[in-house]
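S.K.: One structure, as structure tokens, below. Some questions next.
Only the coordinates and a few stated rules stand behind these numbers; no lab work does. In this text the structure is predicted, and so the values were computed from the model without any measurement. Backbone-built Cβ (ideal geometry, glycine too); neighbour counts: all protein chains shown.
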Amino acid sequence: MTTDEWWRTAVIYQVYPRSFQDSDGDGIGDLRGVTQRLPQLEQLGVDAVWLSPFMRSPQRDAGYDVADYMDVDPIFGTMGDFDALVGKAHELGLKVIVDMVPNHTSSDHEWFREALASRPGSAARERYIFRDGKGPHGEAPPNNWQSVFGGPMWDRVLDDGKPGQWYLHIFDSSQPDLNWENPWVHERFRDILRFWLDRGADGFRVDVAHGLVKQAGLPDYTPPEDGASMGGNEATEPYWGQPGVHEIWREWRDVLDEYDGDRALCAEAWVSPLERMAQWVRPGEFDQAFNFEYMFAAWTARDQRRIIDESLAAFQGVGAPSTWVLSNHDVIRHATRLGLPAALPQGEGIGPKSPFQPDVALGFRRARAATALMLALPGSAYLYQGEELGLPEVIDIPDEARQDPTWQRTKGKRYGRDGCRVPIPWEADAPAYGFSTSGRAWLPQPPDWARFARDRQEGVPGSTLELYKAALRLRRRKRLASGSVKWLNEWSRSRTVLAFRNRGVLVVTNLGRRPMSLPDGRLLLETESTHIGRNGKRMLPPDATVWLQATR
Ligand code: NOJ
């Protein structure tokens, strides 16, 4: 095993293509738009881009419902556009990670259409999870499982024009689960992986990597009331984290190893605790796994420190780097989440009628402090488009404009994820803030977003964009990603301060309510203005992080 693979220390920027840059004016971002903006990502200082799904899809779950794994959806462009994107990215020294969705296809996929048109027990049906229903006429679903987006995990189909078998879908009814007990499915995906690797993809982010194998017999299961929708609370969930999934990942690893250049595999697997998570990144399986425990760690010194320590220990225990992530396209943006008085259940989203609303200014300060802390940690970090602009969650999207199936399926009880998916602002004075040439945007952008536009922040000292750039530059220069965390003894029992040293950089975060005096050291980075106090010491305000060059 080598330890110099690029992904061990990489900062990977998530592009959500629908909302990044629209080059043809239809109000939906596209691959050409991404290519146009790549130089700005290179200037930001990231190492790789991960593209959320852009494959052919009816877009009922924003592309996480794939109808053809080997083609680009026309709303995003063509295969030629993908090739051009990869070419440009590589020219700029950026890697490209493709999102792969193997748990389910779209119900529009030709495999599923064939399954519907075929008889129960046929080879075409065996590609998915079809079962007879319960009750004298098979009128009740095969078990009691409830789907992530709301409603039963089963839908009934017509056989010979009459109500017949049921098929399983962990997510929406338009996302039937594939049957990973079937070697045919394994073979298809090996081909699909090779298709993208041949075209220059540097790796894959694998969707719902903990969901592919279901417990034999599909036993009834009722999750705990406070259970997270994507799992991760216990080892007994019959459709999350089954031991059999690991065989699939070893097979995928072998495919990636056929290629040169450290192609990377990253798992989206909502499992806990972290030692269990680490099983996904054992040698011969994934290289990385998203660290969701870190994402949801409470903003207290105790919790942050505990999760950082546990992450480093769990991942290092299997020879993998820890990853760090604060935002993505499924969760409330951290600039808003960290300003909420209490945690909302995962996948819930936030809207005008949510039981609690954020303290916007507090969330913003904490987000900057949290990011500066994260980027000083060893390992690989994921950024989600727009967080470098300090974007908050959009809370007041009009009901009729909401698109997330969670909102539709729960009849408005859960707002879902639209608030973090609003197209991002590039130019303060352009239509749609420069997102789209026509001024259209598939989700409405707030009227006060000019202040977040990239061109308003470029070169402005103290702006969030400049903070991210400076942190990424220093992180690279000081080689923090391959360093280690040494907690400072004098602060190790503090309930309000996190302080560690990584390769001669002192990182201090004040999670308390009062300014604190800092140790000596040259100021490298600050998320809020520090000042020299009456005691002659530099003072760090609350909810702020500083990086200092250690003097000894
Ligand atoms: C996880 C993805 O991140 C999410 O956006 C999607 O809805 C589900 N998987 C289903 O594919």
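S.K.: Taking each pair of different alpha-carbon atoms in the range 33-141 once, compute 1/r for the pair, average those values, and report the inverse of that mean as the Kirkwood hydrodynamic radius in Å to one decimal.
M.R.: When all Cα pairs of the range 33-141 are included, the Kirkwood radius is 16.4 Å.
S.K.: Take the eigenvalues of the Cα gyration tensor for the chain, scale each by 5, and report the square roots as semi-axes in whole Å, largest first.
M.R.: 39, 25, 24
S.K.: Return one number: the angle in degrees, 0 to 90 and rounded to the nearest 10, between the long axis of the Cα atoms of helix 183-198 and the longest principal axis of the Cα atoms of the chain.
M.R.: Rounded to the nearest ten degrees, it is 40.
S.K.: Same structure again: Can you tell which of His104, Leu218, Met516 lies farthest toward the positive end of the dipole of the chain, using +1 and -1 charges on the Cβ of basic and acidic side chains (Lys, Arg; Asp, Glu)?
M.R.: Of the options given, the answer is Met516.
S.K.: What percent do you get for the relative contact order of the range 133-266 when only Cα pairs under 8 Å and 6+ apart count?
M.R.: Details: 159 pairs, mean separation 28.3, N = 134.
So the answer I get is 21 percent.
S.K.: Which one of Val66, Leu338, Thr35 is farthest out on the positive end of the charge dipole of the chain, using unit charges on Cβ (Lys, Arg +1; Asp, Glu -1) and the Cα centre as origin?
M.R.: The residue sitting farthest along the positive end of the dipole is Leu338.
S.K.: Divide, for the range 404-552, the radius of gyration over alpha carbons by 2.2 N^0.38 Å, where N is the residue count. Intermediate results must be reported in sequence, preceding the final value.
M.R.: Working: Rg = 20.4 Å, N = 149, 2.2 N^0.38 = 14.7 Å.
Cα-based Rg divided by the globular estimate yields 1.39.
S.K.: Per-residue HN-Hα couplings for the range 473-490, Karplus 6.51 cos²θ - 1.76 cosθ + 1.60 at θ = phi - 60°, whole Hz, x for Gly and Pro?
M.R.: 5, 5, 4, 6, 4, 8, 6, 5, 5, 10, x, 8, 9, 10, 5, 7, 3, 4
S.K.: Give, rounded to the nearest 20 debye, the magnitude of the charge dipole that the range 1-157 has about its Cα centre when Lys and Arg contribute +1 at Cβ and Asp and Glu contribute -1 at Cβ.
M.R.: So the magnitude is around 560 debye.
S.K.: Quote the charge dipole size of the chain about the Cα centre in Debye, to the nearest 20; the model charges only the Cβ of Lys and Arg (+1) and of Asp and Glu (-1).
M.R.: Value, rounded to 20: 2700 debye.
S.K.: Largest first, please: the extent of the C-alpha atoms of the range 490-552 along each principal axis, to the nearest Å.
M.R.: Over the range 490-552, Cα extents along the principal axes are 29, 25, 21 Å.
S.K.: Could I ask something else about it? Defining a contact as two alpha carbons under 8 Å apart and six or more residues distant in sequence, what relative contact order in percent does the range 389-514 show?
M.R.: 15
S.K.: Using only the alpha carbon atoms of the range 464-523, find the Kirkwood hydrodynamic radius as the inverse mean reciprocal pair distance, in angstroms to one decimal.
M.R.: Value: 12.8 Å, from the Cα pair sum.
S.K.: Toward the positive end of the charge dipole of the range 436-513, about the Cα centre and with charges on Cβ (Lys, Arg +1; Asp, Glu -1), which of Gly439, Val507, Trp487 goes farthest?
M.R.: Result: Trp487.
S.K.: Lysines within cross-link reach of Lys353: Cα-Cα under 26 Å, excluding same-chain residues under 8 positions apart?
M.R.: In chain and number order, the partners are Lys411, Lys413.
S.K.: Can you tell me what share of the DSSP beta bridges in the chain is antiparallel? A percent to the nearest 5 is fine.
M.R.: For the chain, the DSSP antiparallel bridge percentage is about 55.
S.K.: For the modelled label position 7 Å from the Cα of Ala401 along Cα-to-Cβ, which residues of the range 336-368 have backbone nitrogen atoms closer than 17 Å?
M.R.: Counting backbone N atoms under 17 Å from the label point, the list is 350-353.
S.K.: Also, I was wondering about something else. Please tell me the relative contact order of the range 462-552 in percent, rounded to the nearest whole number, where contacts are Cα pairs under 8 Å and at least six residues apart.
M.R.: Once normalised by length, the contact order is 25 percent.
S.K.: Apply the Karplus curve 6.51 cos²θ - 1.76 cosθ + 1.60, θ = phi - 60°, to the phi angles in the range 110-120 and return the couplings in whole Hz, x for Gly and Pro.
M.R.: 4, 4, 6, 4, 4, 4, 5, 7, 9, 7, x
S.K.: Right, here's the next one. What is the range 138-247 by shape, rounded, prolate or oblate, if you read a ≥ b ≥ c off the alpha carbon gyration tensor as root eigenvalues and call it rounded for a/c under 1.5, prolate for a/b larger than b/c, and oblate otherwise?
M.R.: Oblate shape, in that a/c is at least 1.5 and b/c is the bigger or equal ratio.
S.K.: What's the center-to-center distance, using Cα atoms, between the range 502-528 and the range 384-443 in Å?
M.R.: Using only Cα atoms, the two centres lie 34 Å from each other.
S.K.: Now a separate question. Return an integer: the convex hull volume of the alpha-carbon atoms of the range 88-149, in Å³ per residue.
M.R.: Per residue, the Cα convex hull of the range 88-149 comes to 147 Å³.
S.K.: Here's another thing I want to ask about it. Explain nothing, just the number: dipole magnitude of the range 286-335 about its Cα centre with +1 on each Lys and Arg Cβ and -1 on each Asp and Glu Cβ, in debye rounded to the nearest 20.
M.R.: My answer is approximately 180 debye.
S.K.: Between rounded, prolate and oblate, where does the range 357-417 land on the alpha carbon gyration tensor, with a ≥ b ≥ c its root eigenvalues, rounded for a/c under 1.5, else prolate if a/b exceeds b/c?
M.R.: Cα axes put the range 357-417 in the prolate bin.
S.K.: Now for a separate question. Rounded, prolate or oblate: which fits the range 1-68 when a ≥ b ≥ c are the square roots of the eigenvalues of the alpha-carbon gyration tensor, with rounded for a/c under 1.5 and prolate only if a/b beats b/c?
M.R.: Cα axes put the range 1-68 in the oblate bin.
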